[in-house]
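> The structure under discussion is supplied below as structure tokens; questions concerning it will follow.
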């Protein structure tokens, strides 16, 4: 690891000169941090993590290996993001328009996603665009989190009581500390 300005960066990591990384953070091998990304102090960015343009990550966030954080994602302080979590940002992903022409940046709209302080996202979770995950929420491994306030837990993909809200809702927190019952549903 090479240290520069109080940040440890593995020699194989790519960190844009336009990115801002807080002191005490570590960026591990083969991670890519794009232009205008902001990473807070004391963060750990694991192997092969992709942080897209304009993504914001708060202080003391742990991002495990192989996570993809795409444009439009904001992560508050103290969040844990398990391995292989994928944030999406396009509600209608297509390679081409109806006329067959390739889609460009002008042909889609970034839909923001927010993960509030202290939340934990289990391995292999997929977070669809337009979701706010509440403070201290726990998203189970393999879940698909949709903007409709539904969490689908794999492998059965059975809906459980949610601890997330959509961005169109008030700022109330759905994920205050809760317990996971033996059947895998949440008690609030």
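> Only one of (1) assigned to a loop (DSSP other than H, G, I, E, B); (2) over 21 Å from residue 120 (Cα atoms); (3) at pLDDT below 95 is not met by residue 89, so which one is it?
In the conditions (1) assigned to a loop (DSSP other than H, G, I, E, B); (2) over 21 Å from residue 120 (Cα atoms); (3) at pLDDT below 95, residue 89 misses (2) alone.
> Then there is this: Just need a number here: residues in region 119-134 that are part of a loop (DSSP other than H, G, I, E, B) and surrounded by 20 or more Cβ atoms within 10 Å (Cβ to Cβ).
4
> Of everything in region 9-25, what is surrounded by fewer than 19 Cβ atoms within 10 Å (Cβ to Cβ) and within 21 Å of residue 85 (Cα to Cα)? Give them in sequence order.
14 - this is the single residue of region 9-25 that is surrounded by fewer than 19 Cβ atoms within 10 Å (Cβ to Cβ) and within 21 Å of residue 85 (Cα to Cα).
> Among the candidates 29, 65, which residue alone is within 24 Å of residue 139 (Cα to Cα) and either in a loop (DSSP other than H, G, I, E, B) or touching a helix residue (DSSP H, G or I) at 6+ places or on another chain (Cβ under 9 Å) (or both)?
Going through 29, 65 in turn, just one is within 24 Å of residue 139 (Cα to Cα) and either in a loop (DSSP other than H, G, I, E, B) or touching a helix residue (DSSP H, G or I) at 6+ places or on another chain (Cβ under 9 Å) (or both): 65.
> Can you find even one residue in region 68-84 that is free of Cβ contacts under 8 Å to residues at least 24 places away in the same chain, in a loop (DSSP other than H, G, I, E, B) and over 21 Å from residue 111 (Cα atoms)?
For region 68-84, residues free of Cβ contacts under 8 Å to residues at least 24 places away in the same chain, in a loop (DSSP other than H, G, I, E, B) and over 21 Å from residue 111 (Cα atoms): absent.
One line per residue, one yes/no per condition, for (1) surrounded by 18 or more Cβ atoms within 10 Å (Cβ to Cβ); (2) under 24 Å from residue 147 (Cβ atoms):
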{"position": "67", "(1), (2)": "yes, yes"}
{"position": "70", "(1), (2)": "yes, yes"}
{"position": "104", "(1), (2)": "no, no"}
{"position": "109", "(1), (2)": "no, yes"}
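> Could I ask something else about it? All but one of (1) over 30 Å from residue 147 (Cα atoms); (2) assigned to a strand (DSSP E or B) hold for residue 12; state the number of the condition that does not hold.
So residue 12 meets the others, but not (2).
The values are calculated or read from the model by the stated rules, or taken from the named source; none is laboratory data. On a predicted model such as this, the values are computed, not experimentally measured, just so you know. Every residue, glycine as well, gets a Cβ built from its backbone with ideal geometry; the counts of neighbours run over all protein chains shown.
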